[in-house]
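The structure appears right after this line, and notes come after that.
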Amino acid sequence: MRTRSTRRTALVAAGAASLALLAACGGGADAGSGGGEASDDIAVAASDTSCEVDATELEAGTHEFTVTNNGSSITEFYVYAEGDRIMGEVENIAPGVARSLLVELPAGDYQTACKPGMTGDGIRNALTVTGEAEQLSDDEALQAAVTDYTRYVTSQVTALQEQTQAFVAAVQAGDVAQAQALYPETRTYYERIEPVAESFGDLDPKIDARENDVEEGDAWTGFHVLERDLWATGDLSQSGPVADQLLSDVDDLATRVQSLELQPLDLANGALGLLDEIASSKITGEEDRYSHTDLWDFQANLDGSQAAITSLRPVIAEADPDLATALDEAFAATQAELAQFAAGDGFVLYTALTPAQVQGLSDSLNALAAQVSQVPAVVAG
Amino acid sequence: MKLSRRDFFGAAGVGAAGVVALGAGGVAAGRAASAVEGGAAAGSTTGGAVPFEGTHQAGITTPAQDRLHFVAFDVTTDDRATLVRMLQAWTEAARRMTRGEDAGPVGAVTGNEYAPPDDTGEAIGLPPAGLTLTIGFGPTLFRTADGVDRFGLADRQPAELVELPAFAGEELRPEISGGDLCVQACADDPQVAVHAVRNLARIGQGVVGVRWSQLGFGRTSSTTSDQSTPRNLFGFKDGTDNLKADQPQALDRFVWVSGTGTWMDGGSYLVSRRIRMLIEVWDRQNLRDQQDTIGRTKGSGAPIGATEEFDPVDLGALPPTSHVALAHPSNAGTAILRRGYSFVDGSDGLGRLDAGLFFLCYQSDPATGFVQVQRNLRTDKMNEYVKHTSSGVFACPPGLSGPDDWWGSGLFA
């Protein structure tokens, strides 16, 4: 528990840092008046079935939310602008833990959401912010999108580090049941931002290669080695070095992400790339061939794609309102298609799906990808 | 005026008068045929364009091309307006591709480099190749298997458009049977046919999904009297006494729907059957048995008891259970227009080719067309060597009246 509270402090600090970045890049006249200091601390009581936010109306400016998880599942907390654009989020809130979020909100209509089990639309509440509205030029809007999404990546990679630590600890302890439970949750944070990891070239193969991705003579490392050990052989006696390497590679990723410089087009291409990931390896059940937890990865890729698109949403809505609406609808449709297979805090196994159900997911994904493939041209102007 | 990318290839060539005469878009239509055929194929129909619009859809009585890509789609939306928009987009793309142009107005290699091209590109430089695209609507478009009327079309379902009855000996696989929509793409170049189907599937993403598709590499029927009769994979001439385009009275009687006062007037019903041929077994049969099974001589194609291919069939001279004796119009009491293609879909895992005939036929009513003929084949000696593995029935609407008309305009009116 001590480790966790230390990490909580670290997370808030990181949030404040990226907030300063946000204010520096595109903040309006009054937005920076707080200088990144929150004027309040809004309590959020999260459980497995409720999400009580101690505010429904706020003044424009910087606000702090403190989310306490009173439930039994890991939860997340989001503040969404129109079209589910993520204004701020805090990940990986374990049962019994409280975490804080700093977020800058210009005037507008927002929604807050708790996501017990990290899936689905979450438990939503309306939040109205009054005062100064945001007026951004095209370039500022694009820059704001990049800042938005960069913050998302940072928060995911931080959660990935924490979760990988717990997963690796379970593997080292030889606790098969615990490690199996943590495997799909840990991967979620990776799969949401996989294109970013891929942009570093050597890291994605080290972390996420499947056995047939590795050339003869090369070492096979990462999640899927441990997946095999956990599900196919049940033998963790040789898994220690691979687990250590995984943690070290994830830490490496986190370090490199700090100096990440994304372009607006990276967001658009990454969003499509994540959907292509689903189409090429998740929809076929190839990704998690031992654990069959492919639908967790499906959800994570989908959420990551949606996060990138919603960061760009103001730009898209300005240039092509019909496309913005079509994207909203297509994401909602695919989320709903996938939500049919939610079970407990996760999903049914891929092997439980009928061919017709896989076909339904594939049809929905194709429809979504057709819309997302239009975004790069809009962003490139 | 926007020039198709293929104009680039066509710059050197002149000629292809037949293509230009079709007028469609003038310059844009003229290009590729001249370039690729280069005049060397003068007198050949290969390369030319077949008019997309007309009283009837092309691809039925127009000369049977050499290659086929047939595709059946399921509609994945429940929204009628979305489906209509897609059919309109398909029609535009089909109109362009049958002229030998790219599927979309921008093209495969121009346009915004950050946008996916609106054509996939593999037909760059290829002529129209006689491409025809023929659309059909399956019974499940009107009412799902569970009886749901998704698009408000149930009361427009023709009485003739019902699932085929079960036939003795068939081994149908549901996953390659049926479909809400079908498109028959025929061309003299297989790449042109595949390009057309691929682009329609691309355009339809999110509205339709491919249910199944079938390639055919060689025509097995003639639909005009000046075409020679091709041979099927049994090695026999097939379709000698097929209905032909130059028999208008017979076509009006057996092929075209008329006088119903519905959206189907001028259309036709399509039945598709994937017929696996057990060719390894067939190839072990002696020549006499093979000829007695078909009812024709293998060399000339003449009916048994006659000397020339087109000699009249003498039912008395044929073995009574031969295929021709049972299927011939003079015995079946009806006629259908056949337009099938040979296929080889790899091997079957038992050391045998998965080969056969993808049978397509058009008729004014399936009940008095294919169903009547097929029922007459119960004792067909050929049944030993064939298995029907896929089946479909589709209502193909009449042709498009002009440049603003679209596939399904009558049905969705």
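Counting Cβ atoms of other protein chains within 10 Å of each residue's Cβ and taking the mean over peptide A:360-366 gives 4. Placing +1 on the Cβ of each Lys and Arg and -1 on the Cβ of each Asp and Glu in region A:137-381, which of A:Val375, A:Leu142, A:Ala243 has its Cα farthest towards the positive end of the resulting dipole? Farthest along the dipole direction, towards plus: A:Ala243. Using the rule -39500 (n - 2.57) for each DSSP H run of four or more residues, divided by the residues of chain A, the 222 nm mean residue ellipticity is -17000 deg cm²/dmol. Put a dot 7 Å past the Cα of B:Thr307, heading toward its Cβ, do the same for B:Leu350, and the two dots end up 4.4 nm apart. In a reduced charge model with +1 at each Lys and Arg Cβ and -1 at each Asp and Glu Cβ, the protein assembly as shown shows a dipole moment near 3760 debye about its Cα centre. For region A:311-381, the direction-averaged projected area of the alpha-carbon convex hull comes to 5.5 nm².
Using R0 = 56 Å, the C-beta based FRET efficiency linking B:Glu280 and A:Asp175 works out to 0.45.
Computed extension gain for A:Val358 through A:Ala98, at 0.36 nm per residue and net of the alpha carbon distance, reaches 89.8 nm.
Taken over the protein assembly as shown, lysine pairs spaced eight or more positions apart, or on distinct chains, with alpha carbons under 24 Å apart number 8. Note on chain B: with charges restricted to the Cβ of Lys and Arg (+1) and Asp and Glu (-1), its dipole about the Cα centre is near 260 debye. Dividing the helix sum by the residues of chain B, where each DSSP H run of 4 or more adds -39500 (n - 2.57), gives a mean residue ellipticity at 222 nm of -6000 deg cm²/dmol. Peptides A:261-273, A:47-59, A:137-149, ordered by how many other C-beta atoms sit within 10 Å of their residues on average, highest first, read A:261-273, A:137-149, A:47-59. For A:Glu57 and B:Asn112, the FRET efficiency from 1/(1 + (r/R0)^6), where r spans their Cβ atoms and R0 equals 30 Å, is about 0.10. Projecting the Cα atoms of A:His292, A:Ala177, B:Ala201 onto the dipole axis of the protein assembly as shown, where Lys and Arg carry +1 and Asp and Glu carry -1 at the beta carbon, places B:Ala201 farthest toward the positive end. Give me the net charge of A:Asn70's neighbourhood, meaning all other residues with Cβ under 11 Å from the Cβ of A:Asn70; Lys, Arg count +1, Asp, Glu -1. Residues close to A:Asn70 contribute a combined charge of -2.
Shown here for region B:372-413: trypsin sites (Lys or Arg not before Pro) in loop regions (DSSP other than H, G, I, E, B) with at most 14 other Cβ atoms within 10 Å, namely B:Arg378.
Compactness of region A:37-133 is given as radius of gyration and Dmax, 12.4, 39 Å, from Cα positions.
Hydrodynamic estimate: the Kirkwood radius of region A:137-381 over Cα pairs, inserted into Stokes-Einstein at 4 °C and 1.567 mPa s, corresponds to D of 70 µm²/s.
In order along region B:328-333, the phi-based Karplus estimate (6.51 cos²θ - 1.76 cosθ + 1.60, θ = phi - 60°) of 3J(HN,Hα) comes to 4, x, 5, 9, 6, x Hz; Gly and Pro are listed as x. Across the options B:Leu68, B:Leu233, B:Gly218, the greatest Cα extent toward the positive end of the charge dipole of chain B (unit charges at beta carbon of Lys, Arg, Asp, Glu) belongs to B:Leu233. When only alpha carbons are used to place a centre, region B:60-92 and region B:294-353 end up 32 Å from one another.
Based on the convex hull around the alpha carbon atoms, chain B presents an average projected area of 21.0 nm². Placing a label point 7 Å from the Cα of B:Thr55 along the Cα-to-Cβ direction, the residues of region B:241-262 whose backbone N falls under 17 Å of that point are B:244-262.
Counting only Cα atoms, the size of region B:217-314 along its three principal axes is 52, 30, 23 Å, in decreasing order. Overall, region A:209-315 carries a charge dipole of about 480 debye about its Cα centre when +1 sits on the Cβ of Lys and Arg and -1 on the Cβ of Asp and Glu, all other atoms neutral.
Take the Cα of B:Arg231, step 7 Å toward its Cβ, do the same at A:Ser39, and the gap between the two points is 9.1 nm.
Here the simple spin-label model places points 7 Å from the Cα toward Cβ, and for A:Glu82 and A:Glu286 these points are separated by 4.1 nm. The length gained on full extension between A:Val348 and A:Asp139, counted as 0.36 nm times the residue separation minus their Cα-Cα distance, comes to 70.9 nm. Among A:Val214, A:Val257, B:Val373, B:Val162, a tally of other beta-carbon atoms within 10 Å of each Cβ gives an order, fewest to most, of B:Val162, A:Val214, A:Val257, B:Val373.
Extension gain, B:Glu175-B:Asp289: 0.36 nm per intervening residue step, less the Cα-Cα distance, totals 37.5 nm. Take each residue in B:106-115, count the other chain C-beta atoms within 10 Å of its C-beta, and the mean is 3. Mean per-residue shielding of peptide A:371-379 is 3, counting Cβ atoms of other chains within 10 Å of each Cβ.
In the protein assembly as shown, the C-alpha radius of gyration followed by the widest Cα-Cα span (Dmax) gives 31.8, 103 angstrom.
To the nearest 0.05, how large is the calculated FRET efficiency for B:Lys387 and B:Lys298 if R₀ is 25 Å and r is the Cβ-Cβ distance? The pair B:Lys387/B:Lys298 has a calculated efficiency of 0.65.
None of the figures in this text is laboratory data; all of them are computed from the coordinates on show. Here the structure is a predicted model, which means the values were calculated and not measured. Using ideal geometry, Cβ is built from the backbone for each residue, glycine included, and neighbour counts are taken over all protein chains shown.
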